[in-house]
1. Would you pick out the residues in the stretch 19-36 that are free of Cβ contacts under 8 Å to residues at least 24 places away in the same chain, open to solvent by less than 40 Å² (accessible area, probe 1.4 Å) and farther than 17 Å from LEU59 by Cβ?
2. Can you tell me which residues in the stretch 14-63 are of a type in the set (Gly, Ala, Ser), outside any loop (DSSP other than H, G, I, E, B), modelled with pLDDT under 85 and more than 12 Å from the chain's Cα centre (by Cα)?
Amino acid sequence: MPYEVAAVGRVRHAPAGTVLTPLGEVLTHRAEGRVDDSDITLFDGSGIGLQDLYVGLALLKKMDISL
């Protein structure tokens, strides 16, 4: 479910009224992701390096890019 900008974290600097959609909602098809090229995608892994690595590898796999 989309929600207004959070009070903490990196997204707290987004303009007032910005609506955020959690990545999990998009991946489980409960919310729509980007609808055009002007939409912005932001990933905030909250400083958990292993999580960042996993997401990066998953994206490369989805794009059919191997290391």
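1. Selection gives LEU20 alone.
2. If the condition is that a residue be of a type in the set (Gly, Ala, Ser), outside any loop (DSSP other than H, G, I, E, B), modelled with pLDDT under 85 and more than 12 Å from the chain's Cα centre (by Cα), then GLY49 is the only one that fits.
The values are calculated or read from the model by the stated rules, or taken from the named source; none is laboratory data. Every value quoted in this text rests on a predicted model; they were computed, and no experiment measured them. Glycine gets a Cβ as well: all are built from the backbone with ideal geometry, and neighbour counts include every protein chain shown. To get the accessible areas, we keep the full protein, side chains included, count just its heavy atoms, and leave off ligands, DNA and RNA. Shrake-Rupley method; radii C 1.70, N 1.55, O 1.52, S 1.80 Å.
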